[in-house]
1. Here is a list: Lys21, Lys5. Which entry is closer than 22 Å to Asp92 by Cβ and among the basic types (Lys, Arg)?
2. Mind counting the residues in segment 82-102 that are among the hydrophobic types (A, V, I, L, M, F, W, C), modelled with pLDDT under 85 and out of contact with any helix residue (DSSP H, G or I) (no Cβ under 6 Å at 6 or more places or on another chain)?
3. Please list, ordered by first then second residue, the pairs with beta carbon atoms under 9 Å, 6 or more apart or interchain, first in segment 88-105 and not assigned by TED's automatic domain parsing to the domain that holds Lys21 and surrounded by 11 or more Cβ atoms within 10 Å (Cβ to Cβ), second charged (D, E, K, R) and assigned to a helix (DSSP H, G or I).
4. Taking segment 51-81 as the search range and keeping residues that are among the aliphatic types (A, V, I, L, M) and farther than 23 Å from Val33 by Cα, which one is modelled with the highest pLDDT?
5. Checking the condition free of Cβ contacts under 8 Å to residues at least 60 places away in the same chain and more than 30 Å from Ala94 (Cβ to Cβ), which residue from Asp65, Asp44 passes?
Amino acid sequence: MKDKKIPGIGERIASLRRSRKMTQEALANKLDVSPKHISHVERDCASLSLYKLAETSRILNCSLDYLVNGRYYDDLLNKMPENLVHILESDDKAEKERLIRYLEFYSELVDRHSKK
């Protein structure tokens, strides 16, 4: 039986890893695999065991469902634009603060408009 891979897992792992400013080597060390293996996984040339995939989701702070299917477990997050979800899940405090300021400004505009 030929080993089938689910498309997109590697791309999602790479995107999440980069958004957390983590190197392939750092992720490999946490998973106890080689950096070369992480590179192959991210290019969909290799796969991780279910155990390592679950550990990857914990390390990257995302659901296993997101890694495998590209869907967020939380329905509210599923309704948000993907770029906002990435900001919320990232460790980039400056981006989160900018988003919060934008939402506060937007909320004020909505309040002013609804009072008219």
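1. On the way: Lys5 fails: closer than 22 Å to Asp92 by Cβ.
Going through Lys21, Lys5 in turn, just one is closer than 22 Å to Asp92 by Cβ and among the basic types (Lys, Arg): Lys21.
2. Start the filter on segment 82-102 by keeping residues that are among the hydrophobic types (A, V, I, L, M, F, W, C), which leaves 84-85, 87-88, 94, 99-100.
Pick out the ones that are also modelled with pLDDT under 85 and you get 84-85, 87-88.
Keeping just the survivors that are out of contact with any helix residue (DSSP H, G or I) (no Cβ under 6 Å at 6 or more places or on another chain) gives 84, 88.
Residues that pass the stated criteria total 2.
3. Leu88/Lys96; Ser90/Lys96
4. Step one: of segment 51-81, the residues among the aliphatic types (A, V, I, L, M) are 53-54, 59-60, 64, 67-68, 76-77, 80.
Keeping just the survivors that are farther than 23 Å from Val33 by Cα gives 76-77, 80.
Working: Leu76: 60, Leu77: 60, Met80: 71.
Top of the filtered list is Met80.
5. Values: Asp65 fails: more than 30 Å from Ala94 (Cβ to Cβ).
The conditions single out Asp44.
The values are calculated or read from the model by the stated rules, or taken from the named source; none is laboratory data. The shown structure was predicted, so the numbers you read here are calculated from the model rather than taken from an experiment. Don't worry about glycine lacking a Cβ; one is built from the backbone with ideal geometry, like all the others, and counts go over all protein chains shown.
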